[in-house]
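Notes follow the structure.
The values are calculated or read from the model by the stated rules, or taken from the named source; none is laboratory data. Because the structure is a prediction, the values reported are computed rather than measured. Neighbour counts run over all protein chains shown; Cβ positions are idealised from the backbone, glycine included. These accessible areas exclude ligands, DNA and RNA; they are computed on the full protein's heavy atoms, side chains included. Shrake-Rupley method; radii C 1.70, N 1.55, O 1.52, S 1.80 Å.
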Amino acid sequence: MGLGPRSPHKQGRRFPAGGKRGRGAKGAGRPPPGRQRHPCSPPDGRSEPAPDAHPHLSPEALGYFRQALSALKEAPETGEERELMVHNVLKEVEAQALALATNRTGSEMLQELLGFSPRKPMCRVWAALHSNLRFVACHRCGVHVLQSALLQLPRLLGSPEEEEEEEEEEDGKDGHVETLEELVLGLAAEVCDDFLFYCGDTHGSFVVRTLLQVLGGTLLESERARHRGSQSPEAQKAPSRECKPTDFEVPETFLNCLQNLSSCFLKDIAVFITDKISSFCLQVALQILHRKLPQFCAHLCSAVIGYLSSRNSSADGSPLLLFLRDQTSSRLLEQVLLVSEPPRLQSLFEDHLQGHLQALAAHSIANFPLQRFLDAITTPELLSPVFEELSPALEAVLAQGHPGVVIALVGACRRVGTHQAQVLQLLLEAFHCAEPSSRQVACVPLFAALMAYEVYYGLAEEEGAVPMEHQVEMAAARGLGEVAVLGSLLLQHLLHFSSPCLILQSLSALTGPQLLTLAQSPAGSHVLDAVLTSPSVTRKQRRRVLKTLKGHYVTLACSRHGSRVLDAIWSGAALGARKEIAAELGERNQELIRDPFGHHVARNVALTTFLKRREAWEQEQGAVAKRRRALNSILED
């Protein structure tokens, strides 16, 4: 794509960095505010029983449970005393479960208490709520208690069966207590009987989504993040940045129940496509089925596409295009695209999307499902026609404030391994640094900030004027601009191309303070991560980029994000490079020790040993380097 004459519109272009989608960020826990009505009423004509029909929690009881929870948190994690305390508290919970679950403060405490509960007491609490399932599931506080109970399944299903004879003798008056598996299957049966109601209820839909995950033995990141506060102390210590779903073992009956429950979507597919609340349940089901029952997932996707394709055709093509522009159905279509296999993606493109990609990229809503479509491409047969159609509009898409489309296209080129040189040339042209060629060395700051050359350097070029050469002195004098998140993602993709030479050359041209700013940036630090981890970057190229940081190691070590970059550099450094880093850090040892981030770096480098027992330090580092080489040779084999 050539730029042609430079119009006033193209001059001074600042590409909007994009932002959160207007209808709520992807993966948000609660749906955005919207319709609050129930799609259908319960059999007795009321959405929930009158408040007076249910017990209320007294201030005295609330105080007791608050003290009990505090005592449990302070008690030792194991031991007979703690087990007895848990047993006694949960016996009181069982007696007042409904009152606790429907009280705002009580429900929060109950969620935390469930994180301490063994299997049998959990079953008793669950059974106490079961007779009021509809009321609890559709209550703004009770719903979170049910979710928390379901989210204890990974912990409880993995624990050994407990000896419950004494408890059964003690509580014989209560009769038989159902097992955890029976309670989950019973909940699924009740939800299945009134599926449309629960999925369409603002609060009840959360129960359905969590139930689908538990039946499939997969917890999605959005659910785990939302309920970290109601987990056991051990679970809370787990890393919170893990983005992959968590799998756990479930009985075969759960997977059978998952398929039966998911088949309910087929009965009212139109509702689940067009209703804002119900659609979230179908989106979660597709994610779980894709992992555990892929054939049924494909069947469900076919039903969605078949329904949408049967609607009245739009004036400009397939009826599917109308739904891609709709706030509710486009969300569902994003998920359909992400779980679709390559043959289905190919047919979707040929039957519905071909010839409309540029229009979709320009649309404020449709550009998001287009991004997911690009994310799902894994074959050169599909990428080639998509790239041919979309690439001429790359600069226009950036100017319209939809850089995510461009990032997704670059990501597809990285993943598939084709059109990499072409997309890099188009990016240089879009950011006005392709010609003259001296400007190309400035591409990293431009890509990082998502700004065209003239805007970044504050130039005022007249229309039709010949672009001026790049001024090295001007570039060196300017501090690095703010690094956009999407700009960082763009550079990370480019560094994983088969030939990232131009990007590495531009990084090497940065001054020490500029590269330091990049390393200290929350988004920019990940660019240096890519330099350190990309298989396309040779050791020699890494050294050429990173040598600019020499003289700035202490500043780097005392930075939140920079210290993480320095740790990564240290992990991959040879013994000679480690000596240089340690020597520079050792000159300001006391400053490092006093700094909240620097003292971790000093410990990692073993700086005290380096300063006092250099020979022992070198032997230790040499042994570490030897082990690392041995491990790398094993991994390569």
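Looking only at segment 426-438, filter to residues that are of a type outside the set (D, E, K, R) and loosely packed, with under 15 Cβ neighbours inside 10 Å; which one of those is nearest to residue 377 (Cα to Cα)? Walk me through it before giving the result.
Going through segment 426-438, the residues of a type outside the set (D, E, K, R) turn out to be 426-428, 430-434, 436-438.
Now narrow it down to the ones that are loosely packed, with under 15 Cβ neighbours inside 10 Å: 436-438.
Working: 436: 34, 437: 32, 438: 34 Å.
The selected residue is 437.
If a residue counts only when it is at pLDDT below 50 and more than 30 Å from residue 275 (Cα to Cα), which helices (runs of 4 or more DSSP H) contained entirely in segment 153-235 have at least 3 such residues? It would help to see each step written out before you state the result.
Numbers: elements: 153-157, 165-170, 180-193, 195-200, 204-216, 221-226.
Here the list reads 165-170.
Test residue 527 against the stated conditions and say whether it is buried (at least 18 other Cβ atoms within 10 Å of the Cβ) and either at pLDDT 95 or above or not in a helix (DSSP H, G or I) (or both). Walk me through how you get there before you give the answer.
Numbers: buried (at least 18 other Cβ atoms within 10 Å of the Cβ): yes; either at pLDDT 95 or above or not in a helix (DSSP H, G or I) (or both): yes.
Yes.
What is the number of the single condition among (1) closer than 16 Å to residue 335 by Cβ; (2) among the hydrophobic types (A, V, I, L, M, F, W, C); (3) not in a helix (DSSP H, G or I) that residue 250 does not meet?
(1)
Touching a residue at least 12 places away in the same chain (Cβ under 8 Å), assigned to a helix (DSSP H, G or I) and either touching a His at 6+ places or on another chain (Cβ under 9 Å) or open to solvent by less than 30 Å² (accessible area, probe 1.4 Å) (or both), is that true of residue 537? Give the derivation first.
Values: touching a residue at least 12 places away in the same chain (Cβ under 8 Å): yes; assigned to a helix (DSSP H, G or I): no; either touching a His at 6+ places or on another chain (Cβ under 9 Å) or open to solvent by less than 30 Å² (accessible area, probe 1.4 Å) (or both): yes.
Judged against the criteria, residue 537 is not a match.
Among the candidates 506, 559, 534, 499, single out the residue that is of a type in the set (S, T, N, Q) and closer than 17 Å to residue 479 by Cα. Write out each step before concluding.
Details: 559 fails: closer than 17 Å to residue 479 by Cα; 534 fails: closer than 17 Å to residue 479 by Cα; 499 fails: closer than 17 Å to residue 479 by Cα.
506 is the lone residue from the list that is of a type in the set (S, T, N, Q) and closer than 17 Å to residue 479 by Cα.
Looking only at residues that are β-branched (Val, Ile, Thr) and assigned to a helix (DSSP H, G or I) in segment 335-376, which one is farthest from residue 323 (Cα to Cα)? Step through it out loud before you land on a result.
Narrowing segment 335-376 to residues β-branched (Val, Ile, Thr): 336, 339, 365.
Cutting the leftovers down to assigned to a helix (DSSP H, G or I) gives us 336, 339.
Numbers: 336: 13, 339: 18 Å.
Ranking the qualifying residues of segment 335-376, first place goes to 339.
Please work out which residue is farthest from the chain's Cα centre (by Cα), limiting yourself to segment 612-637 and to residues that are open to solvent by less than 50 Å² (accessible area, probe 1.4 Å) and at pLDDT 85 or above.
616
Being in a loop (DSSP other than H, G, I, E, B) and open to solvent by 70 Å² or more (accessible area, probe 1.4 Å) is the filter here; which residues of segment 588-611 pass it?
First, the residues of segment 588-611 that are in a loop (DSSP other than H, G, I, E, B): 588, 595-597, 606.
Answer for segment 588-611, where residues must be in a loop (DSSP other than H, G, I, E, B) and open to solvent by 70 Å² or more (accessible area, probe 1.4 Å): 588, 596.
Can you name the residue in segment 466-494 that is over 26 Å from residue 419 (Cβ atoms) and in a helix (DSSP H, G or I) and is also least open to solvent (accessible area, probe 1.4 Å) among such residues?
Step by step, filter segment 466-494, then rank; the result is 475.
Would you pick out the residues in segment 396-426 that are among the hydrophobic types (A, V, I, L, M, F, W, C) and touching a residue at least 60 places away in the same chain (Cβ under 8 Å)? I'd like the intermediate steps shown before the answer.
So in segment 396-426, the residues among the hydrophobic types (A, V, I, L, M, F, W, C) come out as 396-399, 405-410, 412-413, 416, 421, 423-424, 426.
Within segment 396-426, 398, 399, 406, 407, 410, 413, 421, 424, 426 meet the criteria.
Can you name every residue in segment 418-452 that is in contact with an Asp or Glu (Cβ under 7 Å, 6 or more places away or on another chain) and over 16 Å from residue 394 (Cβ atoms)?
Within segment 418-452, 436, 438, 449 qualify.
Would you pick out the residues in segment 405-459 that are within 24 Å of residue 536 (Cα to Cα), over 32 Å from the mean Cα position of the chain (by Cα) and outside any helix (DSSP H, G or I)?
433, 434
What tally of residues in segment 377-386 results from selecting those that are assigned to a helix (DSSP H, G or I), open to solvent by 10 Å² or more (accessible area, probe 1.4 Å) and not charged (D, E, K, R)? Walk me through it before giving the result.
First, the residues of segment 377-386 that are assigned to a helix (DSSP H, G or I): 380-386.
Add one more test, that the residue is open to solvent by 10 Å² or more (accessible area, probe 1.4 Å), and what stays is 380-381, 384-385.
Filter again for not charged (D, E, K, R), leaving 380, 384-385.
The total comes to 3.
Taking segment 392-425, which residues are charged (D, E, K, R) and surrounded by 24 or more Cβ atoms within 10 Å (Cβ to Cβ)?
In the first step, residues of segment 392-425 are kept if they are charged (D, E, K, R); the result is 395, 414-415.
Correct list: empty.
For residue 344, indicate whether it is open to solvent by 10 Å² or more (accessible area, probe 1.4 Å), closer than 25 Å to residue 200 by Cβ and among the basic types (Lys, Arg).
Numbers: open to solvent by 10 Å² or more (accessible area, probe 1.4 Å): yes; closer than 25 Å to residue 200 by Cβ: no; among the basic types (Lys, Arg): yes.
No.
Residue 454 - would you say it is within 20 Å of residue 489 (Cβ to Cβ), in contact (Cβ under 8 Å) with a residue 60 or more places away in the chain and open to solvent by less than 10 Å² (accessible area, probe 1.4 Å)?
Details: within 20 Å of residue 489 (Cβ to Cβ): no; in contact (Cβ under 8 Å) with a residue 60 or more places away in the chain: yes; open to solvent by less than 10 Å² (accessible area, probe 1.4 Å): yes.
Criteria not met by residue 454.
Matching residues to (1) open to solvent by 40 Å² or more (accessible area, probe 1.4 Å); (2) within 27 Å of residue 362 (Cα to Cα); (3) not in a helix (DSSP H, G or I):
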{"residue": "287", "(1), (2), (3)": "yes, no, no"}
{"residue": "291", "(1), (2), (3)": "yes, no, no"}
{"residue": "299", "(1), (2), (3)": "yes, no, no"}
{"residue": "303", "(1), (2), (3)": "no, no, no"}
{"residue": "308", "(1), (2), (3)": "no, yes, no"}
{"residue": "311", "(1), (2), (3)": "yes, yes, yes"}
{"residue": "321", "(1), (2), (3)": "no, yes, no"}
{"residue": "329", "(1), (2), (3)": "no, yes, no"}
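Only one of 585, 546, 566 is surrounded by 15 or more Cβ atoms within 10 Å (Cβ to Cβ) and either over 33 Å from the mean Cα position of the chain (by Cα) or outside any helix (DSSP H, G or I) (or both). Can you tell me which? First the steps, then the outcome.
Numbers: 546 fails: either over 33 Å from the mean Cα position of the chain (by Cα) or outside any helix (DSSP H, G or I) (or both); 566 fails: either over 33 Å from the mean Cα position of the chain (by Cα) or outside any helix (DSSP H, G or I) (or both).
Only one candidate passes the filter, namely 585.
Consider segment 502-524. How many of its residues are among the small types (Gly, Ala, Ser), open to solvent by 30 Å² or more (accessible area, probe 1.4 Å) and assigned to a helix (DSSP H, G or I)?
Here is the first cut: in segment 502-524, the residues among the small types (Gly, Ala, Ser) are 506, 508-509, 512, 519, 521, 523-524.
From what's left, open to solvent by 30 Å² or more (accessible area, probe 1.4 Å): 508-509.
From what's left, assigned to a helix (DSSP H, G or I): 508.
Of the residues in that region, 1 qualify.
I'd like the full set of residues that are surrounded by fewer than 20 Cβ atoms within 10 Å (Cβ to Cβ) and within 19 Å of residue 426 (Cα to Cα), limited to segment 360-376.
362
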